[in-house]
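A quick write-up on the structure given underneath.
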Amino acid sequence: MERDLAFLPEDGTANILYIVIQIVFTGCRQGGKSFTLKNMRYRILGKTGFQVSEVGFGGWAIGGNAFGDSYGATDDTASLTALNRAYELGCTFFDTADVYGHGHAETLLGQALKGWQRDRIFIATAGGQDFFEETLAKAGGVKPNFSARHLQTAVDRSLKRLGVEAIDLYQLHTPPLELIQHGQIFDVLRNLKSQGKIRFYGIAIHDPQEGVQAIKLGQVDCVQAIYNLFDKRIENQLLQTCAETQTGLIVREPLARGFLSGKFQENTSFEKGDNRAIWPKPLINKRIQAAEKFKPLIPEEYNHLSQLAIAYPLASPAVSTVIPGCKTPEQAERNMAVGALPPLTQDTMQAINRIQGLL
């Protein structure tokens, strides 16, 4: 690309034109096929009013495997390249959590941010899983901690690692339902917002009912929930609640912890520290076999099962952004391409529903 643009004048106009050409006409390679990424679609993130890319960047995987609960070993150079590649391709929503790599994912994102246009980017992180040294010494591992004291300290440390003056979206990291129903935890978030340390607040959940209750009791700006070809529980109520209340809906695990990436074979083994290493073999094989059933539905314009999986939750207008994880620039290119590919047709969605009914 740089050689092709060598004729351009070396001034600000050339730089701007280079960025536009790079985003609009970037040619990518994947699986032996080439495709052209023309643009990225954007949606409003609920009550925040911010426009964010349909496909965001999930930062769990780049946290690395030093402390386990990971997606395997990483290379920081590749992780930074993946972050920068996503940014180049129009990604404006980057999600992480302080516990990912015990701060390492936030640190990497902070490094990448130094070279980006800050007002173009929306940064989300999460806290409430206590990995501080004193906790590890006493408890022997990470434990939930949603106390005001812990969250205040956690936010300060996240701000430092990210290198920002305020966190755009701060999320409670999977608190229990009883804590949500009690309601006082949201006072802590409102206080952090009044201090100017966070701009908006939300919650990352496991059970969709936790999200429904957080919207009703905590008036959260955003909910982050699991939604994929294997797990569509949020369709029962949470999707509608988010739409009715203009609550931003961030979809995580669209690739179902990698099993919808299409790259695993039966009897795949995972390295120690990878969160999938403790899964029973029959469950791993069942997921791999189920993923195979969706491959015949991959549209002609798509190149990979993972793209079908990412596009699936985006078929709902209630979804603000989808945050697949990635560890390499190649994965970033494949993920971001979904923001430019044609949405899934009604026929494809109906075929998906038929397969889901048989799983």
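Key figures for this structure:
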read-out	value
Among the listed pairs K232/K286; K47/K160; K114/K272, those beyond 22 Å (Cα-Cα)	K47/K160; K114/K272
Computed lengthening from K47 to R157, 0.36 nm per intervening residue step minus Cα-Cα distance	37.0 nm
Distance (nanometres) between label positions extended 7 Å along Cα→Cβ at E235 and A277	3.6
Per-residue ³J(HN,Hα) for the range 65-82, Karplus 6.51 cos²θ - 1.76 cosθ + 1.60, θ = phi - 60°, Hz, x for Gly and Pro	10, 5, 10, x, 6, 10, 10, x, 5, 10, 10, 4, 5, 5, 5, 5, 5, 4
Residues whose placed amide H lies under 5 Å from that of G56, excluding near-sequence neighbours	V322, I323
The chain: relative contact order in percent, alpha carbon pairs under 8 Å with at least 6 residues between	21
Anisotropy class of the range 90-219 from Cα gyration tensor, a/c 1.5 cut	oblate
Residues whose placed amide H lies under 5 Å from that of S70, excluding near-sequence neighbours	D274, N275
HN-Hα J in Hz across the range 354-359 - Karplus 6.51, -1.76, 1.60, θ = phi - 60°, x for Gly and Pro	5, 5, 4, x, 9, 7
Residues with amide H under 5 Å from that of I198, placed H, sequence gap 5 or more	I167, K193
Space enclosed by the convex hull of the alpha-carbon atoms of the range 51-110, per residue, Å³	78
Theoretical gain in end-to-end length, A73 to N39 [0.36 nm per residue, Cα-Cα removed]	9.1 nm
Segment L177-M349, length gained on full extension (0.36 nm per residue, minus Cα span)	58.7 nm
Partners for K138 among aspartates and glutamates (Cα-Cα distance below 15 Å; same-chain residues under 8 apart left out)	D130
Rough spin-label spacing in nm, given labels placed 7 Å along Cα→Cβ, for N84 and T245	4.1
Phi to ³J(HN,Hα) by Karplus 6.51 cos²θ - 1.76 cosθ + 1.60 over the range 171-187, Hz, x for Gly, Pro	10, 6, 8, 6, x, x, 4, 4, 5, 5, 5, 5, x, 5, 4, 6, 5
C-alpha center-to-center spacing [the range 52-106, the range 165-204] in angstrom	22
Coarse-grained scattering of the range 40-356 at q = 0.06, 0.09, 0.11 Å⁻¹, given as base-10 log I(q)/I(0) from a Debye sum over alpha-carbon atoms	-0.18, -0.42, -0.65
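Laboratory data are not the source of any read-out in this text; all were calculated from the coordinates shown. Because the structure is predicted, anything quoted here is derived from the model rather than measured. Glycine gets a Cβ as well: all are built from the backbone with ideal geometry, and neighbour counts include every protein chain shown.
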